[in-house]
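Data first, discussion second: the structure below is written as structure tokens.
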There are 2 protein chains.
Amino acid sequence: MNPVLVEVLRGSAVESRHAGALAIIDASGAVHTALGDIDRPIFPRSAVKLLQALPLVASGAAETFALTDAELALACASHSGEPEHVATAAGVLAKLGLDANALECGTQWPSREPVLRAMAARGDVATPLHNNCSGKHSGFVCVACLMARNAGADPAEFARGYVAAEHPVMREVTAALSATTGTDAERAPRGIDGCSIPTFALPLRSLALAFARCGTGHGLSTENARAARRLRQAAAAAPFMVGGTDRFDTRVMQAFGERLFCKIGAEGVYCAALPELGLGVALKIDDGAARAAEAAMAAVAQTLLKTEDKVLRGYSHLQLRNWRGTEVGMLRPGEALSAI
Amino acid sequence: MNPVLVEVLRGSAVESRHAGALAIIDASGAVHTALGDIDRPIFPRSAVKLLQALPLVASGAAETFALTDAELALACASHSGEPEHVATAAGVLAKLGLDANALECGTQWPSREPVLRAMAARGDVATPLHNNCSGKHSGFVCVACLMARNAGADPAEFARGYVAAEHPVMREVTAALSATTGTDAERAPRGIDGCSIPTFALPLRSLALAFARCGTGHGLSTENARAARRLRQAAAAAPFMVGGTDRFDTRVMQAFGERLFCKIGAEGVYCAALPELGLGVALKIDDGAARAAEAAMAAVAQTLLKTEDKVLRGYSHLQLRNWRGTEVGMLRPGEALSAI
């Protein structure tokens, strides 16, 4: 059984518990910290969007289509579907002479209440551009368009079906995942992600290694090392694009810039790179809770960066308030996590 | 450690796991089923709204103010803040000559996306009537108004502060909790609930006993036995009021009527009464996940009622679809739960 990483208190009593596993690894593969089973494969979901975006830069597509920091940051994002995110994704597609019809991520209303409420009040209707993955998918379409150009094919036609595992774009994405994690993702247990692309179950050890490599460039090809650096810089320059208003990834990267690249994934996953320490982090909450993944990631970042930063502390010890604003409880790191 | 009650699959791989504990008890206190630790106190939250509504009927307030089935069902509800719920809560207060200002549950926007979206599109603004607990609180205010009438006091003034543990209304509510569970709730670990009333941590064994008693009347005072029966009948007659569109409690009670009273609570709690079997059920998912509490409750109900009902099966084996509608996974009962 994995240890309790995060406890939820109501008053002074523990109301709920989140168990999970955590790997902190350096670029040589040496283990800095291991809690729980870091060798069991887990689906990393959107926590590896940085890795999935490597071909966008490494292929030359980002340069060919003159993508900005904001557009590259959006390619690594699970964004909140706010107007700036939607406009930025639409802008990428416009550079390709395409529109939202090129996206195969599906239509999603924003999940955050105030964003959803503002959108409904404006009379807006959700489109694939509002999907939290629309930036990543716009990036995939960029890669497809460059491939089409090189092959003398019609871009829209070439791009069609890009979410399928056997499409040339997705083959590149999976190859980047394999190269950075040091695994053969093609042979890993496979699922379909929320945005319809394949997701491969990989050990936390391998995922943390990939992020250590992306933070340092060690163990990567020249192209991937350069691409990882470019994407990290873009996220640090435009952190709003990676998440949105009041989102963990946005707030933390606003506070720490290039010192910390972090990215949440569905079902309680977090991955992060800490370049100055040469470390990569990967964690999974067994039950899939985002609140616990954020609290655990915040606790890890505080420990590794030796900081008492208020944004991080606000997540690792999140105050829980009820509908009248009364403080009723809090999150806190479990014993195992407090001891790292 | 408690056993895994619910697994979450992506493709054919288990992506997430929800551990928890389950008690199924008869009205004599005999254990039908125990999984995990059923003696550790847990906060039952809104799963005990039936117990908290007993004084509303037992005191005579429901009769005095001529509450309908819909109004009594709403007193046991965590509703979705749909127009019918809001109007019904407002109607109860109007019978007392009061309005939303009498409610101390706080303002809450509906949490379910389509409900929230429709409300924002209409230009509506959340009030305490939209709070999922507004029916329960309207019931508390009814009890306060009867007490005020008996004491010759001003109703609004008497009711003020009814959420406090020491208020005469809340003392009655806590006494009902103690009487039905066979505990001294006053001495239990105490927290503040989402709607600002106290919540007391009690063992699943005691909570299941209370629901067995409420389903059968055995072990209850005449007044509480009558009140429990009246409230169960009201919920069966007006199940929409207990939850709302596409909500578990509503759909299941629409399907099973008085054969099954069930109620979810925040942080992964479920309580239920199965009168024909003389059994009460109480379960808590360790991590607080509602999806797992629903799946576990659905699995328990199928087993106990020996039914292959599609509504229950739809929750115990919930299909997970992505933004394009592709089936990507499912929930299923864990080994321990499958074996009961």
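The values are calculated or read from the model by the stated rules, or taken from the named source; none is laboratory data. These figures come from a predicted structure and were not determined experimentally. Ideal geometry is used to build each Cβ from the backbone, glycine not excepted, and the neighbour counts take in all protein chains shown. Just the protein is used for accessible areas: all its heavy atoms, side chains included, with ligands, DNA and RNA removed. Shrake-Rupley method; radii C 1.70, N 1.55, O 1.52, S 1.80 Å.
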Checklist entry - Restricting attention to the stretch B:178-233, which residues are farther than 21 Å from B:Gly278 by Cβ and under 14 Å from the mean Cα position of the chain (by Cα)? => result B:Asp193, B:Gly194, B:Cys195, B:Thr199
Checklist outcome for this item: Subset of the stretch B:258-280, residues within 19 Å of B:Leu54 (Cβ to Cβ), open to solvent by less than 40 Å² (accessible area, probe 1.4 Å) and among the charged types (D, E, K, R), comes to B:Lys263
Item to check | Filter pass, A:Asn150 being over 30 Å from B:Leu116 (Cα atoms) and among the polar types (S, T, N, Q) | outcome: yes
Next on the checklist: Looking at B:Ala296 and the list (1) crowded, with 18+ Cβ neighbours inside 10 Å; (2) more than 14 Å from chain A (Cβ to nearest Cβ); (3) hydrophobic (A, V, I, L, M, F, W, C), which single condition is not satisfied?
Outcome noted: (2)
Checklist entry - Is it fair to say A:Val4 is under 20 Å from A:Asp286 (Cα atoms), within 14 Å of chain B (Cβ to nearest Cβ), open to solvent by less than 10 Å² (accessible area, probe 1.4 Å) and hydrophobic (A, V, I, L, M, F, W, C)? => result no
Item to check | Tally, over the stretch A:178-199, of residues that are open to solvent by 10 Å² or more (accessible area, probe 1.4 Å) and either away from every other protein chain (no Cβ under 14 Å) or outside any loop (DSSP other than H, G, I, E, B) (or both) | outcome: 10
Checklist entry - Is there a residue in the stretch A:256-263 that is at positive phi, within 11 Å of chain B (Cβ to nearest Cβ) and either of a type in the set (Asp, Glu) or over 12 Å from the mean Cα position of the chain (by Cα) (or both)? => result no
Item to check | Candidate set: the stretch A:92-125, residues that are basic (Lys, Arg) and facing chain B (nearest Cβ under 10 Å); chosen: the one least open to solvent (accessible area, probe 1.4 Å) | outcome: A:Arg117
Checklist entry - If A:Ser138 passes every condition in (1) away from every other protein chain (no Cβ under 14 Å); (2) over 19 Å from the mean Cα position of the chain (by Cα); (3) crowded, with 19+ Cβ neighbours inside 10 Å but one, which one does it miss? => result (2)
Checklist entry - Condition test on B:Ser221, is it touching a residue at least 12 places away in the same chain (Cβ under 8 Å), under 30 Å from A:Ser12 (Cβ atoms) and of a type in the set (Ser, Thr, Tyr)? => result no
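Residues to consider are B:Ala255, B:Ala225; find the one that is open to solvent by 20 Å² or more (accessible area, probe 1.4 Å) and either of a type in the set (D, E, K, R) or within 20 Å of B:Val57 (Cβ to Cβ) (or both).
One residue alone meets the criteria, B:Ala225.
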Checklist outcome for this item: For the stretch B:82-110, pairs from a residue that is in contact (Cβ under 8 Å) with a residue 40 or more places away in the chain and more than 15 Å from B:Ala238 (Cα to Cα) to a residue that is among the charged types (D, E, K, R) and in a loop (DSSP other than H, G, I, E, B), with Cβ under 6 Å and 6 or more apart or across chains, are B:Leu93/B:Asp99; B:Gly106/A:Arg324
Checklist entry - Which one of these does B:Leu312 not meet: (1) of a type outside the set (Gly, Ala, Ser); (2) within 12 Å of another protein chain (Cβ to nearest Cβ); (3) open to solvent by less than 10 Å² (accessible area, probe 1.4 Å)? => result (2)
Checklist entry - Is one or more of the residues making up the stretch A:225-245 within 14 Å of chain B (Cβ to nearest Cβ) and either touching a helix residue (DSSP H, G or I) at 6+ places or on another chain (Cβ under 8 Å) or modelled with pLDDT under 95 (or both)? => result no
